[in-house]
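Working notes, structure below.
The values are calculated or read from the model by the stated rules, or taken from the named source; none is laboratory data. In this text the structure is predicted, and so the values were computed from the model without any measurement. A quick note on method: Cβ atoms are made from the backbone with ideal geometry, for glycine too, and the neighbour counts reach across all protein chains shown.
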Amino acid sequence: MADKISFDLVSPEQLLLSEEADMVTIPGSEGEMGVMAGHEAVITTLRPGFITVTGGKDNQRFIVFGGFAEVTQTKVTVLAEEAIPASDLDARIATVTESLAKTATEAEKGAIQAQLDTLAHLRQHI
């Protein structure tokens, strides 16, 4: 049996996932990074994208909107600015779209539209 790597996904509000996995794929700022037990130690910033956890209780996907990841030979810790289960993406798009319709100032509209563009881009990759 292959060695497992411990994985924790933490957002400012809560611990979203803590389990042993065969591999964790994270959206590093320099590109996608697959992490398995024995990986070289590294700290990286995250860009908006998917985290995929394979070989745990279930294969799981989350969306992160930035943050940091710390990798050691035995553990991956993701400190996300914000993270949601990938299955919640359509609900998030609906919420942001509604928010855009209610926004009054152009500056707020620009920021919300940028968030909506990021979500639409991520939706294309599900």
* **Criterion: within 23 Å of residue 120 (Cβ to Cβ) and not acidic (Asp, Glu) - qualifying residue of 72, 52, 77** => 52
* Residues being closer than 18 Å to residue 81 by Cβ and β-branched (Val, Ile, Thr) - total across the range 25-61 -> 5
* Qualifying residue in the range 60-70 (condition: in contact with an Asp or Glu (Cβ under 8 Å, 6 or more places away or on another chain) and over 21 Å from residue 117 (Cα atoms)) -> no
* Structure fact -> Restricting attention to the range 76-114, the residues that are free of Cβ contacts under 8 Å to residues at least 40 places away in the same chain and either in contact with a His (Cβ under 8 Å, 6 or more places away or on another chain) or among the charged types (D, E, K, R) (or both) number exactly 8
* Count of residues meeting criterion [part of a strand (DSSP E or B) and either buried (at least 19 other Cβ atoms within 10 Å of the Cβ) or more than 11 Å from the chain's Cα centre (by Cα) (or both)] in the range 39-66 -> 13
* Pair list, Cβ < 7 Å and 6+ apart or interchain, from the range 30-50 residues that are more than 24 Å from residue 115 (Cα to Cα) to residues that are of a type in the set (Asp, Glu) and assigned to a strand (DSSP E or B) -> 43/70
* Structure fact -> Turns out the strands (runs of 3 or more DSSP E) fully within the range 67-118 with at least 1 residues that are over 12 Å from the mean Cα position of the chain (by Cα) are 67-71, 75-80
* Lone qualifier among 11, 18 - being buried (at least 18 other Cβ atoms within 10 Å of the Cβ) and more than 20 Å from residue 116 (Cα to Cα) -> 11
* Are any of the residues in the range 80-87 in contact with a Pro (Cβ under 7 Å, 6 or more places away or on another chain) and at negative phi? -> no
* **Single match in 77, 95, 118, 103 (criterion: of a type in the set (Val, Ile, Thr), within 22 Å of residue 14 (Cα to Cα) and modelled with pLDDT under 95)** => 95
